[in-house]
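The structure under discussion appears below in the form of structure tokens.
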Amino acid sequence: MTPVVSVSKESGLKVFGPVNIHVKKGVIDVLGKIFAEDSRVIVHKTKTYIIRALEDSELDMLMGEEASYQPLDEDDPYLVKYALAQEIASSHGGLIVLVGGTDSGKSSFATLLSNLVLRRSGSPVIIDGDVGQSNLGPPGFVSAGRVAEPVLWAGEVKPEKLRFIGDVKPHGNIWKIISSVKELAAEFIKAGSTHIIVDTDGWIRDEKGLRYKVSLISTINPNYIVVFGTELSPYFRKFSSQGVKVCEFKISSTRKVRSREERRILRSMKYREYLYEAPIIKLGFENLIVNGLPILEGIPVELSHVDKFIEGKVTYASLLPDKLCLAGTMRRVEEDGLKKEFGVAKISVFEPGAEKNLYAAVSNGDFEYPALIDKIDFQGRKIIIKTRFTDKINEVKVSAIRLRDDFTEEFLEVFP
């Protein structure tokens, strides 16, 4: 279906993807990005865009399955959002924190504001604090990047700084995320960026999620708080007494909401983007910091000291303050004897292949980047990883997420 839609100057259209729009005549504004005659706008399946005509325009709309469009209502919250974005873009800027539930419009507003800041020759930055559904960077990371040219979604922005959280759920990583956001914001402010836009995750509709967002705001001390969902606003208005401008919006009733399956697919696409056919690199254990794999965090133990307690083959052993870690193929382990011999409370056995496809990050001490553990060669004292990171690696941080061959996730409860 390819209708030609006329949109008069100053009028608007709400478009639900997937749609390929050809501007046959006129000029339109989409999230602050300008499209002139004979240009194209792609509205993906999971997206909804508001089109504002800056001139009388004609749009040739190639519509996919489930696509639709409708005139923009005069009371649509987008018009209020656009006015606020213009106000913030024309200000001195500073830190702007966006809070609201899932699919409430935070990321679209971050895009709109960035584009309007660029129009005024400012230097916008987006910090994506949503570790589970990051638009900017890979899953499990807090990511940040400068917006150098107008975009239609944050995924077009190249992340310049990444901080590994190691989980796609924020629940057990609140202070790790908060400290990462604070650190990245400080770095970009120091570099001269004018508007630092912090896009948070949608976990806010229970006590702990709300407390998390309040703690984030208290820690980074923003200039603006933009709340998506008027029912949430009372929890943040108190920051006005500290000189923070608190703005609120109602959520559009005709927005698209992504299903859990769509979110899983989007994450797998992000993993693939960073890790598909990544080169293999071998790293020696010596002087390499490994975080998240207990067997490589301990002090190596001479195998002759453990062999008498083992039936089978031990290829590596290491000692932590309260635990002895063993790797190899073992039919029987005399745990009581080992505990007494090494003065530990626990014995942990690392099964062959247990490390395969563990999601990780590699670091040079400053920059962090996604990686997959391929194999641990205990006899050769090497860890073999897949990553596109090309700088020197002095640290490997390992998560409790294993990726399958199709880049979907398997979550490990406990890792030896």
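Per-residue HN-Hα couplings for the stretch 214-230, Karplus 6.51 cos²θ - 1.76 cosθ + 1.60 at θ = phi - 60°, whole Hz, x for Gly and Pro?
Ordered by residue, 3J(HN,Hα) equals 5, 5, 4, 5, 4, 6, 9, 6, x, 8, 10, 10, 10, 9, 9, x, 4 Hz.
For V306, which sequence-distant residues (separation of 5 or more, or a different chain) have an amide H within less than 5 Å of its own amide H, given hydrogens modelled in the peptide plane?
Result for V306 returns nothing.
How large is the direction-averaged shadow of the alpha-carbon convex hull of the stretch 164-229, in nm²?
Values: hull surface 19.3 nm².
Projected over every direction and averaged, the Cα hull of the stretch 164-229 covers 4.8 nm².
So for the pair A36, D366, with labels modelled 7 Å out along Cα→Cβ, what separation do we get in nm?
Each label point is offset 7 Å from its Cα along the Cβ direction, giving 4.0 nm.
What trypsin sites (Lys or Arg not before Pro) in the stretch 120-214 are in a loop by DSSP, with at most 14 other Cβ atoms within 10 Å of the Cβ?
For trypsin sites (Lys or Arg not before Pro) across the stretch 120-214 that sit outside H, G, I, E and B with at most 14 neighbouring Cβ atoms in 10 Å, the list reads R120, R205.
Which of these values of percent of Cα pairs over 32 Å apart was calculated from the structure shown: (1) 45; (2) 40; (3) 37?
Evaluating percent of Cα pairs over 32 Å apart on these atoms matches (1).
Treating the beta-carbon of each Lys and Arg as +1 and of each Asp and Glu as -1, no other charges, what is the dipole magnitude of the chain about its Cα centre, to the nearest 20 debye?
Dipole of the chain, to the nearest 20 debye: 460 debye.
Whats the longest run of the chain with zero GluC sites (Glu not before Pro) that are DSSP loop and have at most 15 other Cβ atoms within 10 Å?
It works out to 75-230.
Give the separation of the Cα centroids, the stretch 347-409 to the stretch 208-223, in Å.
For the stretch 347-409 versus the stretch 208-223, the Cα centre distance is 32 Å.
How big is the dipole moment of the stretch 262-416 about its Cα centre under a simple scheme where the beta carbon of each Lys and Arg is +1, that of each Asp and Glu is -1, and everything else is neutral? Debye, nearest 20, please.
Around 220 debye, computed over the stretch 262-416.
How many angstrom lie between the C-alpha centres of the stretch 130-171 and the stretch 14-58?
25 Å
Please state the charge dipole magnitude for the stretch 263-322, taken about the Cα centre, from unit charges on C-beta atoms (+1 on K and R, -1 on D and E), reported in debye and rounded to the nearest 20.
Taking the Cα centre of the stretch 263-322 as origin, the dipole is about 600 debye.
Can you give me the distance in nm between label points at L210 and K313, each placed 7 Å from the Cα along the Cα-to-Cβ direction?
With each label point 7 Å from Cα toward Cβ, the separation is 5.9 nm.
Could you state, as a whole-number percent, how many of the C-alpha pairs of the stretch 277-372 are farther apart than 17 Å?
For the stretch 277-372, the fraction of Cα-Cα distances above 17 Å is 55 percent.
Can you tell me the convex hull volume per residue for the stretch 251-320, based on C-alpha atoms, in Å³ to the nearest whole number? The partial results should precede the final answer.
Working: hull volume 16.3 nm³, N = 70.
Measuring per residue, one finds 233 Å³ for the Cα hull of the stretch 251-320.
Taking R0 as 22 Å, what's the FRET efficiency between I251 and E66 from their Cβ-Cβ distance, rounded to 0.05?
Efficiency computed from Cβ-Cβ geometry: 0.55.
Compute the angle between helix 106-119 and the longest alpha-carbon principal axis of the chain, please, reported from 0 to 90 degrees and rounded to the nearest 10.
In the chain, helix 106-119 runs at an angle near 60 degrees to the longest axis.
For the stretch 59-152, what is the per residue volume of the convex hull drawn over the alpha-carbon atoms, in cubic angstrom? List each step's numbers first, then the result.
Numbers: hull volume 14.3 nm³, N = 94.
Cα-based convex hull of the stretch 59-152, divided per residue, equals 153 Å³.
Chymotrypsin sites (Phe, Trp or Tyr not before Pro) within the stretch 155-192: which are DSSP loop residues with at most 16 other Cβ atoms inside 10 Å?
Sparse-neighbourhood loop chymotrypsin sites (Phe, Trp or Tyr not before Pro): none present.
Per residue, how much accessible area does the chain have with a 1.4 Å probe, in Å²?
47 Å²
Please report the antiparallel percentage of DSSP beta bridges with both residues in the stretch 91-202, rounded to the nearest 5.
Antiparallel bridges make up about 45 percent of those DSSP assigns within the stretch 91-202.
Provide the gained length on full extension for the span R263 to N20, in nm with one decimal, where the gain is 0.36 nm per separating residue minus the Cα-Cα distance.
85.2 nm is the gain from fully extending R263 to N20.
Tally up the carbon and sulfur contribution to the accessible surface of the stretch 364-409 as a whole percent, 1.4 Å probe, everything protein left in place.
The value for the stretch 364-409 is 40 percent carbon and sulfur by accessible area.
Kindly work out what percent of the DSSP beta bridges joining two residues of the stretch 244-364 are antiparallel, to the nearest 5.
In the stretch 244-364, approximately 70 percent of DSSP beta bridges are antiparallel ones.
The values are calculated or read from the model by the stated rules, or taken from the named source; none is laboratory data. Remember, it's a predicted structure, so these values are computed and weren't measured experimentally. Positions of Cβ are backbone-derived with ideal geometry, glycine not excepted, and every protein chain shown enters the neighbour counts. When the accessible area is computed, the model is the full protein with side chains, heavy atoms only, and any ligands, DNA or RNA have been set aside. Shrake-Rupley method; radii C 1.70, N 1.55, O 1.52, S 1.80 Å.
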